[in-house]
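Notes follow the structure.
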Amino acid sequence: MGKWTIPSALILLCLLSLLSDQGRKLQANAKEGAVDPPKVEDNIGAVPHGLQTDSDVVKRESDSISSRSLRNNAEKFEFQAEVSRLMDIIINSLYSNKDIFLRELISNASDALDKIRFLSLTDKEVLGEGDTSKLEIQIKLDKEKKMLSLRDRGIGMTKEDLIKNLGTIAKSGTSAFVEKMQSTGDLNLIGQFGVGFYSVYLVADYVEVISKHNDDKQYVWESKADGAFAISEDTWNEPLGRGTEIRLHLRDEAQEYLEESKLKELVKKYSEFINFPIYIWASKEVDVEVPADEDESSDEESSDRTSSEEGEDEADKSEDEDTEKKKTVKETTYEWERLNDVKAIWLRSPKDVTNEEYVKFYHSLTKDFSDEKPMAWSHFTAEGDVEFKAVLFVPPKAPHNLYQSYYNSNKSNLKLYVRRVFISDEFDELLPKFLSFLMGLVDSDTLPLNVSREMLQAHSSLKTIKKKLVRKALDMIRRIADEDPDEFSGKDEKDVEKSGDEDEKKGQYTKFWNEYGKSIKLGIIEDATNRNRLAKLLRFESTKSDGKLTSLDQYISRMKSGQKDIFYITGISKEQLEKSPFLERLKKKNYEVIFFTDPVDEYLMQYLMDYEGKQFQNVSKDGLKIGKDSKSRELKDSFKELTKWWKGTLKTEDVDEVKISNRLDNTPCVVVTSKFGWSANMERLMQAQTLTDASKQAYMRGKRILEINPRHPIIKELRERVVKDPEDEGVKQTAQLIYQTALMESGFILSDPKDFASGIYSSVKSSLNISPDATIEEEDDVEETETEPETKAGKDGADAESSGLKDEL
């Protein structure tokens with residue numbers, strides 16, 4: 001047995017040595033094979049800036065996407081409450097037009113590109129080199145992963161920007177949009193409120209935002225719209241260089257957005273006039289010649305020839321044919337296809353731009369994709385010392401916050417370009433505040449590229465640009481009126497036909513006035529230079545307008561012969577003013593009176609003193625002249641004793657004068673104010689001011705004048721009573737009550753309502769023959785008893801009855 005031990009051990013050692021060598025060879029071969037790992041594609045579509053991705057990245061992305069969960073090593077955040085509320089509305093919305101998400105993403109990408117291009121005006125290095133410097137938008141889809149991505153090479157976002165802009169701090173428009181959405185149910189306006197990004201959750205249940213800013217590392221923002229989001233440093237995706245890529249992992253019901261044709265249609269519809277190129281990674285089938293398969297060649301050769309006929313010549317011929325045999329096959333290739341190649345509208349001649357193109361450009365410019373067209377537009381080129389091109393639009397509806405903080409806001413709706421380069425949309429010096437509702441853009445060839453707010457304010461060209469813009473804007477608004485058939489009362493039918501499509505233009509200026517009439521009035525207050533031109537645009541109702549709006553020119557055309565003043569009255573409503581005692585004599589004599597019912601009208605008429613040589617006269621103020629009355633002198637003399645006595649009786653009421661009225665017909669008396677003081681309506685408005693100072697109002701309050709109607713029986717009887725006994729307390733109380741009644745009817749607020757009520761009750765007692773000394777019957781005193789607490793049984797019975805009632809309901 002011992003003899004076999006040593007040889008067996010030697011054999012075993014030899015076998016182990018062989019196995020070890022074999023293992024080292026296998027390991028070496030494995031290492032050699034791992035030197036060059038396989039790529040998905042070496043060069044996608046042979047495009048210089050195609051994206052390259054290795055197999056490890058593909059695996060990591062697949063794992064992440066399949067799990068659809070936030071990465072474990074990411075920093076987690078909670079959405080700010082308003083953002084969560086907004087996202088809940090969007091996610092649970094039944095809104096059918098989900099297409100809007102793409103236009104919002106493209107619009108945001110365009111804004112980011114605008115920002116980096118503006119920075120590059122003063123620092124070329126911010127653009128980088130190579131593909132990074134190309135300012136463009138790229139759209140790519142992946143049907144297998146159900147993923148749609150959109151990439152821009154804009155300014156990008158830092159980590160702080162991602163947190164601020166996409167999650168924790170709601171923009172000011174978030175609340176406003178939520179309120180608008182809940183009241184109208186229309187998501188289409190989301191872009192106007194600065195929260196368009198969240199529309200991605202109409203179609204996606206998981207979103208990744210990869211972004212690289214020049215001042216920070218590359219980060220990934222991700223969210224499933226479940227109330228939280230996560231941000232982590234991006235170490236696995238391809239470096240962007242600069243910009244943002246948004247990846248949408250689409251819901252099952254949103255797979256239509258993985259079709260190229262659908263995406264092309266949406267870009268054409270919504271984003272045709274974006275100022276940067278938009279590309280899509282498009283598939284294309286081409287015919288390619290390839291060598292025929294070997295099996296097919298051998299089959300053809302065997303069928304075409306027999307072994308008996310085969311010779312050396314035939315063999316040579318067969319070899320030549322083999323080398324030439326090829327077939328054509330369809331091959332799918334990919335390349336970047338540009339979707340928006342339309343030249344900027346403002347650079348084209350207005351004659352070459354159709355109405356449909358203007359409407360599409362307006363929707364793209366304003367992010368208002370409703371079905372309504374702008375009311376009007378003006379496209380023009382200014383030449384001379386200052387050269388610029390501009391397109392102005394009148395939106396169909398006024399912004400919801402147009403007059404909120406009117407004098408404190410610096411918002412402008414004009415985009416400023418300098419030599420086709422976007423500069424700013426926050427510069428408010430190009431148009432006055434009263435025209436801030438206009439939308440559009442200005443492209444100047446005169447202003448410097450490295451422009452700033454301070455430079456613009458001091459630039460000599462600014463005043464010229466502003467002056468021309470205002471003139472063109474007012475011409476555009478006037479054209480709305482000129483082309484409206486409702487404005488052509490008294491004109492020939494031929495003139496109406498020249499105005500354009502009557503059905504489309506009908507009622508347009510009334511619609512404009514209802515939306516922006518207050519702006520025209522503010523313009524009259526603020527712009528003395530254009531006051532007369534703006535006055536031509538004023539519209540109002542009057543005693544002769546039959547419920548329609550009329551103009552000052554139309555009023556003047558209807559003025560009576562010899563009428564020198566334009567009569568108007570201010571108040572709360574037309575219905576109230578129609579019953580005003582101030583109009584009695586004017587209506588009887590067929591004078592037209594304008595109704596001003598907007599609070600701003602009181603301020604307006606302090607600046608609009610005359611029009612076309614005609615003075616304005618408030619019929620509720622002193623100084624009204626209505627023809628000549630030959631008996632006025634006699635009447636004054638006959639009522640002189642009454643007016644003097646009445647003024648003395650009202651000395652505590654701060655009445656400046658009592659006199660005969662020329663404006664009354666059926667009313668015994670009214671109270672008017674001095675010509676340059678506040679009217680009753682203005683006094684009411686000022687008292688309603690939150691921070692008003694009552695002590696200072698006395699200086700502006702107009703002097704009150706009591707005007708009496710000498711033909712009224714109450715006034716005649718009062719005169720006779722005064723002549724008999726001027727010290728009669730009953731007559732004095734009656735005179736006081738008449739004055740207080742006139743004060744109320746004239747629109748004033750009583751300083752002592754209790755005193756007025758007591759006078760009324762005394763008058764009622766007298767009419768009912770009740771003694772002034774009659775007392776009120778005393779109430780019997782009844783001791784109050786404490787109510788006992790409800791017993792448990794009684795409470796249970798009441799609960800049972802309540803429950804039974806609910807069941808019946």
Problem set entry | Counting DSSP beta bridges with both ends in the stretch 523-681, the antiparallel % (nearest 5) | 35
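Less than 12 Å Cβ to Cβ from Ala228, Lys/Arg counted +1 and Asp/Glu -1: what total charge do the surrounding residues give?
Numbers: positive: Lys76, Lys224; negative: Glu75, Glu78, Glu222, Asp226.
My count for the surroundings of Ala228 gives -2.
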For this session: With label points built 7 Å along Cα→Cβ from the Cα atoms of Tyr603 and Val329, find their separation and express it in nm.
Result: 7.8
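Less than 11 Å Cβ to Cβ from Arg663, Lys/Arg counted +1 and Asp/Glu -1: what total charge do the surrounding residues give?
Values: positive: Arg585, Lys587, Lys588, Lys589, Lys621, Lys625; negative: Glu584, Asp622, Asp665, Glu707.
So the surrounding residues net to +2.
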Exercise. Once fully extended, how much extra length lies between Lys164 and Asn532, figured as 0.36 nm per residue of separation less the alpha-carbon to alpha-carbon distance?
Worked result: 127.6 nm
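What full-extension length gain, to one decimal in nm, is calculated for Lys574 and Tyr403 as 0.36 nm per residue of separation minus the Cα-Cα distance?
Numbers: separation 171, 0.36 × 171 = 61.56 nm, distance 2.29 nm.
Contour length minus Cα-Cα distance gives 59.3 nm.
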Problem set entry | the stretch 357-429: chymotrypsin sites (Phe, Trp or Tyr not before Pro) in DSSP loop, at most 16 other beta carbons within 10 Å | Tyr403, Tyr406, Tyr407
Problem set entry | Extension gain (nm, one decimal) between Ala757 and Arg251, 0.36 nm per residue minus Cα-Cα | 175.1 nm
Seminar exercise, completed: Taking every DSSP bridge whose two residues both lie in the stretch 345-487, the antiparallel percent to the nearest 5 is 75
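For the cross-link pairs Lys212/Lys466; Lys164/Lys217; Lys164/Lys360; Lys589/Lys614; Lys579/Lys628; Lys145/Lys415, which exceed 28 Å when the distance is taken from alpha carbon to alpha carbon? Provide the component values of the computation, followed by the final result.
Numbers: Lys212/Lys466 39 Å; Lys164/Lys217 16 Å; Lys164/Lys360 32 Å; Lys589/Lys614 19 Å; Lys579/Lys628 25 Å; Lys145/Lys415 39 Å.
Long pairs (Cα-Cα over 28 Å): Lys212/Lys466; Lys164/Lys360; Lys145/Lys415.
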For this session: With a 1.4 Å probe and all protein chains in place, put Ser557, Ser271 in order of accessible area, largest first.
Result: Ser557, Ser271
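Can you figure out the FRET efficiency of Lys463 with Leu121, using R₀ = 22 Å and their beta-carbon distance, to the nearest 0.05?
Working: r = 24 Å, r/R0 = 1.08.
That gives a FRET efficiency of 0.40.
Quick one: net charge around Thr529, please, counting Lys, Arg +1 and Asp, Glu -1 for every other residue with C-beta under 12 Å from its C-beta.
Values: positive: Lys463, Lys466, Lys467, Arg471, Arg531, Arg533; negative: Glu526, Asp527.
That works out to +4.
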Exercise. How far apart, in nm, are the 7 Å Cα→Cβ label points at Arg711 and Arg348?
Worked result: 6.8
For this session: Please arrange Lys140, Lys560, Lys463 by accessible surface area, largest first, computed with a 1.4 Å probe and ligands excluded.
Result: Lys463, Lys560, Lys140
For this session: Taking amide H positions as placed in the peptide plane 1.01 Å from N, state which residues far from Lys397 in sequence (5 or more) or on other chains have amide H under 5 Å from it.
Result: none
For this session: Using Cα pairs closer than 8 Å and at least 6 residues apart in sequence, work out the relative contact order for the stretch 605-670, in percent.
Result: 27
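Quick check on my link table: of Lys433/Lys467; Lys636/Lys732; Lys463/Lys536; Lys143/Lys224; Lys548/Lys574, which ones sit more than 18 Å apart, alpha carbon to alpha carbon?
Numbers: Lys433/Lys467 13 Å; Lys636/Lys732 21 Å; Lys463/Lys536 24 Å; Lys143/Lys224 20 Å; Lys548/Lys574 12 Å.
Distance filter (> 18 Å) returns Lys636/Lys732; Lys463/Lys536; Lys143/Lys224.
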For this session: Taking H placed 1.01 Å from N in the peptide plane, check which residues at least 5 places from Ile423 or on another chain put their amide H under 5 Å from its amide H.
Result: Leu416, Tyr417, Val418
Problem set entry | Accessible-area value, His379, 1.4 Å probe, nucleic acids and ligands omitted, Å² | 30
Problem set entry | Label-point separation, Glu504 to Thr652 (7 Å along Cα→Cβ), nm | 7.0
Exercise. How much solvent-accessible surface does Ser378 expose, in Å² to the nearest 10, with a 1.4 Å probe and all protein chains in place?
Worked result: 10
Seminar exercise, completed: Diffing the stretch 326-339: the Karplus 3J(HN,Hα) column from phi (6.51, -1.76, 1.60, θ = phi - 60°), in whole Hz with x for Gly and Pro, holds 9, 9, 9, 10, 8, 10, 8, 10, 10, 7, 7, 10, 7, 9
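The values are calculated or read from the model by the stated rules, or taken from the named source; none is laboratory data. Predicted, not measured: the structure shown is a model, and the values here were computed from it. Glycine also receives a Cβ, built like all others from the backbone with ideal geometry; neighbour counts cover every protein chain displayed. The area values use the complete protein model at the heavy-atom level, side chains included, leaving out ligands, DNA and RNA. Shrake-Rupley method; radii C 1.70, N 1.55, O 1.52, S 1.80 Å.
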